[in-house]
Amino acid sequence: MNQREYFRVNLTTACAVRLRKLRDKSLSPMDAFEASTQDISGGGLSMRTDRELVVNDMLTWQFTITLKGQTIDVYGHFVWMKREGHAYVYGVKFIFFDENSRRSLLRTLQLMQARSRFQSSQTQSQ
């Protein structure tokens, strides 16, 4: 059985994406392009864009997302791509430079998931 290491939260929100590293070489800041997240977990996210991008682990990308009013920057690699009509959907595996960043993201996602479940239970009981 293939079980995910982290729970996923369905989340459609704007995401600014920019290339940050080629292998171990940092790149000067480049212009970001917009994408839309589909879901997010403590280990990665899936996103949708109209751009065709290279999927490999030599490129490190920065993803800027606003969660609960807080702007979060996470870094990762594209690990898969699927074409859907004129759009592309990508799977991203996060790279955390410290454990505190991962824990902070997980706490935020847990709060979002709890709030979503509470709102769902309130709707069903009405």
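The values are calculated or read from the model by the stated rules, or taken from the named source; none is laboratory data. Keep in mind the model is a prediction, meaning the values are calculated, not measured. All Cβ positions, glycine included, derive from the backbone under ideal geometry; neighbour counts span all protein chains shown.
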- Residue count, segment 46-70 (criterion: farther than 21 Å from Phe7 by Cα and touching a residue at least 40 places away in the same chain (Cβ under 8 Å)): 5
- Query: How many of the residues making up segment 40-60 are at pLDDT 90 or above, surrounded by 16 or more Cβ atoms within 10 Å (Cβ to Cβ) and over 24 Å from His86 (Cα atoms)?
  - Reply: 1
- Query: Which one of these does Leu19 not meet: (1) part of a strand (DSSP E or B); (2) under 14 Å from Ile65 (Cα atoms)?
  - Reply: (2)
- Can you tell me how many residues in segment 37-47 are among the hydroxyl-bearing types (Ser, Thr, Tyr) and farther than 14 Å from Leu67 by Cβ? 1
- Query: So which residues in segment 84-99 are out of contact with any strand residue (DSSP E or B) (no Cβ under 8 Å at 6 or more places or on another chain) and at pLDDT 80 or above?
  - Reply: Gly85, His86
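Inspect all residues belonging to segment 31-39 and state whether any of them is more than 13 Å from Gly91 (Cβ to Cβ), loosely packed, with under 14 Cβ neighbours inside 10 Å and hydrophobic (A, V, I, L, M, F, W, C).
No, segment 31-39 contains no residue that is more than 13 Å from Gly91 (Cβ to Cβ), loosely packed, with under 14 Cβ neighbours inside 10 Å and hydrophobic (A, V, I, L, M, F, W, C).
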- Qualifying positions in segment 61-75 - surrounded by 16 or more Cβ atoms within 10 Å (Cβ to Cβ) and either within 19 Å of Arg107 (Cβ to Cβ) or touching a helix residue (DSSP H, G or I) at 6+ places or on another chain (Cβ under 7 Å) (or both): Phe63, Ile65, Leu67, Val74, Tyr75
- Give the number of residues within segment 1-59 that are among the polar types (S, T, N, Q) and over 15 Å from the mean Cα position of the chain (by Cα). 5
- Message: So, Tyr6, is that one surrounded by 13 or more Cβ atoms within 10 Å (Cβ to Cβ) and assigned to a strand (DSSP E or B) or not?
- Response: no
- Note on the structure: When segment 14-30 is checked residue by residue, the ones that are touching a Leu at 6+ places or on another chain (Cβ under 9 Å), surrounded by fewer than 14 Cβ atoms within 10 Å (Cβ to Cβ) and not aliphatic (A, V, I, L, M) are Arg23
- Selected residue [outside any strand (DSSP E or B) and modelled with pLDDT under 90] from Thr108, Thr71, Thr66: Thr108
